[in-house]
1. Computed over the Cα atoms, what is the radius of gyration of region 1-124 divided by 2.2 N^0.38 Å, N being its residue count?
2. Once both axes come from the Cα atoms, what is the angle between helix 16-30 and the longest principal axis of the chain, in degrees from 0 to 90, rounded to 10?
3. From the Cα gyration tensor of region 14-56, with a ≥ b ≥ c the square roots of its eigenvalues, which class applies: rounded if a/c is under 1.5, or else prolate if a/b is larger than b/c, or else oblate?
4. Would you work out which of Leu250, Ala190, Gly206 lies farthest towards the positive end of the dipole of region 169-262, given +1 charges on the beta-carbon of Lys and Arg and -1 on that of Asp and Glu, about the Cα centre?
5. Report the extension gain between Leu110 and Ser258 in nm, rounded to one decimal, defined as 0.36 nm multiplied by the number of residues separating them, less their alpha carbon distance.
6. Restricting things to Cα coordinates, could you compute the convex hull volume per residue of region 185-345 in Å³?
7. Which residue, Thr167, Ile6, Leu105, has the largest displacement toward the positive end of the dipole of the chain when charges sit on each Cβ (Lys, Arg +1; Asp, Glu -1)?
8. Return the percentage of antiparallel bridges among DSSP beta bridges fully within the chain, rounded to the nearest 5 %.
Amino acid sequence: MRILTISPYTYPSACGIWRRVYLDAKSLISNGYQVTSFSSNIIKGTTQTSSESEELNGIKIFRFPVKFRLGGTSMFFFFIKKFREINPDIIHVHGYRHPHSLQGLILGKLMGKKVVLTSHGPFHKDPNRSIIMKLIDVIYDLLIGWWELRLYNKIIAIAEWEISELTRRGAPKSKIVLIPNGIGKEFELASVSPHEEKTNKVLYMGRIEQVKRPEKIIEVAKQLPNTQFTIHGPFQGFQFKDETPSNVILKDKSYEPSEFIQEAKEHDIFLLPSVRESFGIVGLEAMSQGLILLSTRTRGVTQYLSDGENGFLADSAEEIKEKIEYIYANWEKMEIIRENAFDTIVPAYTQERLGHKLFEIYNNLESRK
């Protein structure tokens with residue numbers, strides 16, 4: 001079966017959507033599917049572009065130049081010629097309200113193909129987003145979204161909270177399937193440090209941009225001078241307004257899963273201070289490696305994290321500081337938190353289990369032709 005995925009970005013972009021596409025594709029290829037991925041040629045958070053095509057672990061990737069964009073991932077790139085050439089059996093688009101998803105849907109329907117959407121929770125935006133962009137979202141839902149969502153053969157929600165948002169905008173509930181994000185095989189197979197001795201080191205890894213609120217880490221670090229904080233990830237145009245204190249290490253670069261696993265062995269706590277997380281793959285990855293996850297109360301993370309049971313939740317800098325102090329003052333009790341965290345992730349969020357759900361969707365759609 002030939003599967004075509006369409007997403008805003010592909011490798012080497014640091015992007016949660018691409019991470020989901022990549023993990024799904026690896027599962028599909030290992031089970032005999034042929035996977036091709038379309039995206040823009042932009043490397044997220046930079047002014048650089050990638051090559052027109054390449055093959056990555058069996059995934060054939062084709063990238064297209066962006067003709068214009070409204071902002072963020074609302075990019076217009078066109079792929080009709082390559083689409084016809086590949087002639088996929090199933091088209092799987094990633095991201096609701098994205099021009100590439102709508103284009104994939106229309107081309108798929110014109111060619112009599114089955115089209116699947118993974119929506120990726122675009123319903124909880126950064127509060128600082130411009131009024132114009134918020135208005136565009138409302139207009140899109142009213143004029144386009146209500147019929148677009150009805151045309152997809154299946155819609156995959158990555159979190160339970162997404163389902164009500166989708167149905168409210170016109171998606172038939174019978175078409176919605178819940179398949180959350182998961183961890184890659186490398187995390188599942190990694191040797192996890194027992195973290196018996198605390199290192200007084202707090203870690204954040206991921207994109208460095210406004211929605212992730214890295215400035216919150218700086219604010220907390222100033223209040224805890226004896227604790228080391230590491231911020232590791234590509235700075236996607238983000239600049240800190242204040243001078244970073246001496247107990248903060250900045251690593252402005254992308255990373256591979258192996259680097260994340262190594263950093264996890266050297267730190268105690270993973271701090272995720274985001275404004276929003278649709279689901280939060282990085283939180284799952286941190287929990288799988290024995291780190292204590294301390295996150296803000298975003299709808300995505302609270303799908304799998306319960307405060308005081310398998311991690312901790314906090315919002316203000318003062319509350320985050322107090323939780324960090326509590327964790328270190330009660331380090332012996334953290335063993336049960338780590339065990340609960342691991343039991344939450346495995347097997348519920350493993351690549352193998354989630355991949356099987358996707359196979360079922362594709363196979364059922366093919367059998368209905």
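Read-outs: derived from the displayed coordinates by stated rules, not from any lab. Computed from a prediction, not measured in an experiment: that's the story for all the values here. No Cβ is skipped: glycine too gets one built from the backbone with ideal geometry, and neighbour counts run over all protein chains shown.
1. After normalising by residue count via 2.2 N^0.38 Å, the value is 0.97.
2. 70
3. oblate
4. The listed residue farthest towards the positive side: Gly206.
5. Working it through step by step, the gained length comes to 49.0 nm.
6. It is 101 Å³ per residue.
7. Looking along the dipole axis, the top candidate is Leu105.
8. Once the DSSP bridges in the chain are tallied, antiparallel ones form about 15 percent.
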